Amino acid sequence: MNGNKETYTAGEKKSFKMFRGNFLEAGSTEAHEQVIREHMLPALIKFWHDTNNPQAELKHWAVNNWRRDNNQNDGSHGLKVNVSTIVDWLYPERVDKALCDLIGVNELGGDRQREFEQRKRAIRKVQDELSTMEFAHMQAEKAQLGAVGNPPDIQHKLAKTQAVARIKGADTKCLKEMGMVSLTLVGWVKENGKMGVEL
């Protein structure tokens, strides 16, 4: 780490400045490390917690940046599960409440465009406020969906809005990359239990 004086903000430096004397009076490297470990670092961590809530920030970063290697055999067969989808699915009432708070209304439905634009922020807010138990449950659900696939209600919703466009996109990519043309029959089970088919 860079030892430059400007590495820390004024507030961060103030949080551990009171231990300057202890550090200077320490007579050995081991004693210096003890002052840092037992006094300076806890004070800095407390400052971070009081001002930035680092646990929520770290949790959000880890969930969105640390993913399994696609080559690992996790049983997902290539299914990528979006964390925001899981949170929205598990806690819809909380997400709606957070969305209402963000846009300053008592109930949804008045401004669909604004609701759409702010929904990701609402989901992020709910995700950051999950308890340790709820976060573990969310991760377990994410792993479960990765292994067995989306539940029927999500499958129906995605098939209705994305199935044909997804297949057309794949066909277009194959045509541009390899000059390959395919004849595809798309079928999926609708919410009423009947099969939807499109050529």
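The values are calculated or read from the model by the stated rules, or taken from the named source; none is laboratory data. These figures come from a predicted structure and were not determined experimentally. Virtual Cβ from ideal backbone geometry, glycine too; neighbours counted across all protein chains shown. The area values use the complete protein model at the heavy-atom level, side chains included, leaving out ligands, DNA and RNA. Shrake-Rupley method; radii C 1.70, N 1.55, O 1.52, S 1.80 Å.
Conditions (1) over 22 Å from VAL81 (Cβ atoms); (2) basic (Lys, Arg); (3) out of contact with any helix residue (DSSP H, G or I) (no Cβ under 9 Å at 6 or more places or on another chain); (4) open to solvent by less than 60 Å² (accessible area, probe 1.4 Å), marked per residue:
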site: ALA98; (1), (2), (3), (4): no, no, no, yes
site: GLY109; (1), (2), (3), (4): yes, no, no, yes
site: GLN118; (1), (2), (3), (4): yes, no, no, yes
site: LEU130; (1), (2), (3), (4): no, no, no, yes
site: VAL148; (1), (2), (3), (4): no, no, yes, no
site: PRO151; (1), (2), (3), (4): no, no, no, yes
site: GLN155; (1), (2), (3), (4): no, no, yes, no
site: ALA163; (1), (2), (3), (4): no, no, yes, yes
site: ASP171; (1), (2), (3), (4): yes, no, yes, yes
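Picking from GLU107, GLU93, which residue would you name as being more than 16 Å from the chain's Cα centre (by Cα), at pLDDT 85 or above and either farther than 28 Å from ALA62 by Cβ or of a type in the set (Asp, Glu) (or both)? Give the steps one after another, and end with the answer.
Values: GLU107 fails: at pLDDT 85 or above.
Only one candidate qualifies: GLU93.
Every residue, every condition in (1) open to solvent by 100 Å² or more (accessible area, probe 1.4 Å); (2) of a type outside the set (Phe, Trp, Tyr); (3) modelled with pLDDT under 70, yes or no:
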position	(1), (2), (3)
ARG20	yes, yes, no
PHE23	no, no, no
ALA26	no, yes, no
ALA31	no, yes, no
GLN34	no, yes, no
MET40	no, yes, no
LEU44	no, yes, no
ASN52	no, yes, yes
GLN55	yes, yes, yes
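When residues of the stretch 89-126 are filtered for being touching a Lys or Arg at 6+ places or on another chain (Cβ under 8 Å) and under 22 Å from GLY146 (Cβ atoms), how many remain?
Number of matching residues: 2.
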